[in-house]
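Engineer: Let me begin by handing over the structure; questions about it come next.
Only the coordinates and a few stated rules stand behind these numbers; no lab work does. From a predicted model like this one, the values you see are computed outputs, not experimental measurements. Cβ atoms come from the backbone with ideal geometry, glycine included; neighbour counts cover every protein chain shown.
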2 protein chains.
Amino acid sequence: MTTALLMSSSRMGSLGYLEHATSQLDTILEGTSRKVLFVPYAAVSFSYDAYEELAAPPFTNAEAQLTSIHRFDDPVAAVREADVIAVGGGNSFALLTRLYGAEIVAEIRERVTNHGTRYIGWSAGTNVATPTIRTTNDMPIVEPPSFGAIGLVPFQINPHFIPGKPAGHNGESREERLAEFTAINPGEEVLGLVEGSALHVTGTRGTILGDNDALVFSGSKPVRTIAAGASFELAEIQGPVA
Amino acid sequence: MTTALLMSSSRMGSLGYLEHATSQLDTILEGTSRKVLFVPYAAVSFSYDAYEELAAPPFTNAEAQLTSIHRFDDPVAAVREADVIAVGGGNSFALLTRLYGAEIVAEIRERVTNHGTRYIGWSAGTNVATPTIRTTNDMPIVEPPSFGAIGLVPFQINPHFIPGKPAGHNGESREERLAEFTAINPGEEVLGLVEGSALHVTGTRGTILGDNDALVFSGSKPVRTIAAGASFELAEIQGPVA
């Protein structure tokens, strides 16, 4: 049974790194060894060592211990032996390219889906937990072998959702980008999570954590909201259409 | 000899569609038949018919006639016979996927590089004129067969360049995204064009058109500027490193 915490972002407003997520981390770590395997592959402009140092304190506050996968000789074995896997944010294309390089895309899917390993992701770490990275906000700085990702939930998520666009600029708003997604992928829907929000997955059900409602973007129907705190069947949001 | 007008955007500030580009269009159309083959494949949320209607007036103002490629039975033949090709903005991933689908990526490259066909692109149409779409700002709503693109210039361009980021949001600024690009692609540089600017390519030389300086992002060196109106050898900006 899949248990996963898929966070929109590492930060909310002016709070510190994962500071908004203390109770969310507590919930997902409950009943585990509290030893967490950290995947820092989304880091591009800073080192894996630096990323481990940045991400550790909120886990320490939750009485958990973070160890980065780059400290292991065999990343596949590290995933296989992990009780909890945390995949940090950064660049989704770099992250997915490196997950494929380490040959752990299928391994993470298998462990979380069938062996009870818990998954924590934020930002890019949430993107790769969906079927594909087609709803990332990141620049495609490297080309992964495929857009196909871990797929712990059956639908796409757009993290860091923000409405509107900056004044005086003619780039697309996020709503326009997601409207393009649903136009070119008919029938498929996208869950938008604003910063500070998360999707808590337990088996076939999801719960929206945080203070803000989540949005479901659909090409054919109006945008609908899922209230903060509400639970729903994951199958209610339409994933990729074969 | 390649002759191309690579515009950052279809709009500048509150001006109308390509309204800022009247003199730029005049320059590139000079000496041609003024019959322009339009490629509307970047359109996702609206029809090719609608896109042709939107894009035609600024060309009419330049005494040119725009005909969309979707009106031809054979897109490869349409490209082969074109005197001027204009590739409009929209979503770069949709555009590149459809260019490959119509089998005209290599054909456009060949015609523009070796047969004097002129190329006009804006936004996504500029992205696909570079070696790859790795510096697009667009959401990867569909997966193209490859990130490799037409490659009329030897380096990446970031259109719609804008400094900074919206207040209260924790997504990356454009500078941070481009710093990630240069970090993961060592030695490679990116030309940033703000809205309203363009790169005019004639042979091995480029000229920055518009009122604003262009920026060159480099991982190892500080950001440098190319003054509005200045000409330079294209080889001065470092492209993909083999």
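Engineer: Mind putting a number on the dipole of segment A:3-236 about its Cα centre? Charges go on the C-beta only, +1 for Lys and Arg and -1 for Asp and Glu, and I need it in Debye to the nearest 20.
Structural biologist: Values: 16 positive and 27 negative charges, 42 e Å.
Computed charge dipole of segment A:3-236: roughly 200 debye.
Engineer: Let me ask another. Would you calculate a helix-derived [θ] at 222 nm for the protein assembly as shown, using -39,500 (n - 2.57) for each DSSP H run of n ≥ 4 and dividing by the full residue count, to the nearest 500? Can you show the working numbers first?
Structural biologist: On the way: 14 runs with 128 residues, N = 484.
It comes out at -7500 deg cm²/dmol, rounded to the nearest 500.
Engineer: Can I ask one more? Placing +1 on the Cβ of each Lys and Arg and -1 on the Cβ of each Asp and Glu in segment B:1-68, which of B:THR2, B:LEU29, B:TYR51 has its Cα farthest towards the positive end of the resulting dipole?
Structural biologist: Of the candidates, B:THR2 comes out farthest on the positive side.
Engineer: Let me ask something additional. Name the longest site-free stretch of chain B, where the excluded sites are GluC sites (Glu not before Pro) in a DSSP loop with no more than 12 other beta-carbon atoms within 10 Å.
Structural biologist: On the way: sites that count: B:GLU30, B:GLU63, B:GLU103.
Formally, the longest exposed-site-free interval is B:104-242.
Engineer: Across the Cα atoms of chain A, what radius of gyration and what greatest pairwise Cα-Cα distance (Dmax) are found, in Å?
Structural biologist: Over chain A's Cα set, Rg and Dmax evaluate to 16.8, 51 Å.
Engineer: Any idea what angle helix B:92-101 forms with the longest principal axis of chain B, computed on alpha-carbon atoms, 0 to 90 degrees, nearest 10?
Structural biologist: Long axis of B:92-101 versus the principal axis of chain B: about 50 degrees.
Engineer: Hey, another quick one. Grab the Cα-Cα distance for B:MET1 and B:ASN61, subtract it from 0.36 nm times how many residues apart they are, and report the gain in nm with one decimal.
Structural biologist: My answer for the length gained is 18.9 nm.
Engineer: Same structure, new question: Please figure out what share of the DSSP beta bridges in segment A:3-236 is antiparallel and state it in percent, rounded to the nearest 5. Mind showing how you got there, number by number?
Structural biologist: On the way: 21 of 41 bridges.
About 50 percent, rounded to the nearest 5.
Engineer: Take every residue in peptide A:37-50, count the Cβ atoms of other chains within 10 Å of its Cβ, and give the average of those counts.
Structural biologist: On the way: counts 0, 0, 0, 0, 0, 1, 2, 9, 10, 1, 0, 0, 0, 0.
Partner Cβ neighbours, averaged per residue: 2.
Engineer: So, in Å, what gap is there between the alpha-carbon centers of segment A:52-113 and segment B:185-242?
Structural biologist: 38 Å
Engineer: Taking amide hydrogens as modeled 1.01 Å from N in the peptide plane, which residues meet the under 5 Å criterion relative to B:PHE38, leaving out close sequence neighbours?
Structural biologist: Residues meeting the amide H criterion: B:THR67, B:SER68, B:ILE69, B:ALA86.
Engineer: Taking the Cα atoms only, what angle lies between the long axis of helix A:105-114 and the longest principal axis of chain A, rounded to 10 degrees?
Structural biologist: The angle comes out at about 90 degrees.
Engineer: Let me ask something additional. Under the convention of a label 7 Å out along Cα→Cβ, give the distances in nm from A:SER33 to the same position in every other copy, shortest first.
Structural biologist: Here A:SER33 shows inter-copy label distances of 7.1 nm.
Engineer: Which whole-Hz couplings ³J(HN,Hα) result when phi for each residue of segment B:138-152 is put into the Karplus expression 6.51 cos²θ - 1.76 cosθ + 1.60, θ = phi - 60°, listed in order with x for Gly and Pro?
Structural biologist: Residue by residue, segment B:138-152 yields 7, 6, x, 5, 9, 9, x, x, 7, 7, x, 10, 6, x, 7 Hz.
Engineer: How far apart are the B:SER146 label points across copies, placing each 7 Å from Cα toward Cβ, in nm, shortest first?
Structural biologist: 2.0
Engineer: Let me ask something additional. Once you put a point 7 Å from the Cα of A:GLU236 and another 7 Å from the Cα of B:LYS165, both along the Cβ direction, what distance in nm separates them?
Structural biologist: 3.2 nm
Engineer: Let me know the shape class of segment A:1-145, please: from the alpha-carbon gyration tensor, a ≥ b ≥ c as square roots of the eigenvalues, rounded when a/c is under 1.5, otherwise prolate if a/b is greater than b/c, or oblate. Kindly include the intermediate steps, with their values, before the conclusion.
Structural biologist: Details: a/c = 1.38, a/b = 1.10, b/c = 1.25.
The shape class here is rounded.
Engineer: With θ taken as phi - 60° and the coefficients 6.51, -1.76 and 1.60, list the Karplus ³J(HN,Hα) couplings across segment B:216-223 in order, rounded to whole Hz; mark glycine and proline as x.
Structural biologist: Rounded to whole hertz, the list is 10, 9, 9, x, 9, 10, x, 4.
Engineer: How compact and how long is segment B:92-190, expressed as Rg and Dmax of its alpha-carbon atoms in Å?
Structural biologist: Answer for segment B:92-190, Rg first and Dmax second: 14.6, 50 Å.
Engineer: So in the protein assembly as shown, what percent of DSSP beta bridges are antiparallel if you round to the nearest 5? Mind showing how you got there, number by number?
Structural biologist: On the way: 42 of 82 bridges.
The antiparallel proportion sits near 50 percent.
Engineer: Please check chain A for the longest run free of chymotrypsin sites (Phe, Trp or Tyr not before Pro) that are loop-located per DSSP (anything but H, G, I, E, B) and have at most 16 other Cβ atoms within 10 Å.
Structural biologist: Numbers: sites that count: A:TYR17, A:PHE46, A:PHE72.
Answer - A:73-242.
Engineer: Once a ≥ b ≥ c are taken as the square roots of the eigenvalues of the Cα gyration tensor of the protein assembly as shown, is the result rounded (a/c under 1.5), prolate (a/b larger than b/c) or oblate (a/b not larger than b/c)?
Structural biologist: On the way: a/c = 2.15, a/b = 1.81, b/c = 1.18.
Note, shape of the protein assembly as shown comes out prolate.
Engineer: On a 0 to 90° scale, report how tilted helix B:48-61 is relative to the longest principal axis of chain B, with both axes built from alpha carbons and the result rounded to the nearest 10.
Structural biologist: 90 degrees
Engineer: Going 7 Å from Cα along the Cα-Cβ axis for the label, what nanometre distances separate A:ASN61 from the same residue across the other copies?
Structural biologist: 5.4
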